[in-house]
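Report on the following structure.
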Amino acid sequence: MADFQETFDGDSRLTLAVPMRWGDMDAYGHINNVEVLRILEEARVHAFGPPAGTGLPGVAVARPVFADLPRNTQALVVEHRVKYLTPLNYRNIPAVVDVWISSIKGASFTVAYAIFDPITQAKCVVAETVLAFLDESNGRLVRISAAKKAQLQPLLGPKNFRS
C-alpha cells in the first residue's frame with residue numbers, strides 16, 4: 001500500500017492521499033459505496049491516530065486524538081452521513097480526501113470529509129462521522145476534555161450537512 005501524504009492548508013483542513021484498492025471497485029468501475037466508508041476510516045485514522053492499544057507502533061501523527069485516550073476509553077462511531085455527488089472511479093493512484101472538524105460538542109465531535117477524484121478534481125463524496133468517547137468500565141459517555149478540544153479546535157471548519 002502506498003504511503004499517505006498529508007498537507008495542511010493553514011486554515012482548517014488536512015488533505016490526505018488515500019490509496020484506492022482494486023478490490024474497492026464495483027462492476028461499473030466505481031469505488032463501491034461501502035468501500036467509501038473504508039476510505040473515510042483510513043483518512044480519519046491517518047489524521048488522528050489509531051485508537052490506543054490497537055496494532056503495533058507506526059507513524060506518529062501530529063494530532064493524536066485517538067492514540068492518547070485514557071485507559072479504558074473507547075472512540076466510537078455514533079453516526080455516518082454520506083452524500084454521493086458523482087461516482088468515484090477506480091484509479092491506481094490515491095484519492096484526495098480533505099478532513100476537518102465540523103462540530104465539537106460536550107461529549108461528541110464530528111469529522112467532515114470531502115473526497116475528490118485525483119485526476120479530474122471532481123468532488124465525488126461529502127460525508128461526516130460523529131464520534132464519542134465511551135468509558136468501557138461503566139458504559140457511559142465521557143465528556144471531551146479541554147485538552148482534547150484544543151487538539152480539535154485548529155481543524156474546526158464548515159459543516160457538510162445542515163441539521
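Brief remarks follow.
- All lysines inside 16 Å of K83 as judged from Cα atoms, apart from same-chain residues fewer than 8 positions distant: K123, K159
- Estimated dipole of the chain in Debye, rounded to 20 [Cβ of Lys and Arg +1, of Asp and Glu -1, Cα centre]: 560
- Charge sum, other residues only, whose C-beta stays under 11 Å from K149's C-beta, Lys/Arg counted +1 and Asp/Glu -1: +3
- Label of the coordinate-derived value, Cα extents along the principal axes in Å, listed as (i) 49, 44, 27; (ii) 46, 37, 30; (iii) 68, 30, 30: (ii)
Laboratory data are not the source of any read-out in this text; all were calculated from the coordinates shown. The model shown is predicted, which means the values in this text are computed figures rather than measured ones. Please note: Cβ atoms are built from the backbone with ideal geometry, for glycine as well, and neighbour counts cover all protein chains shown.
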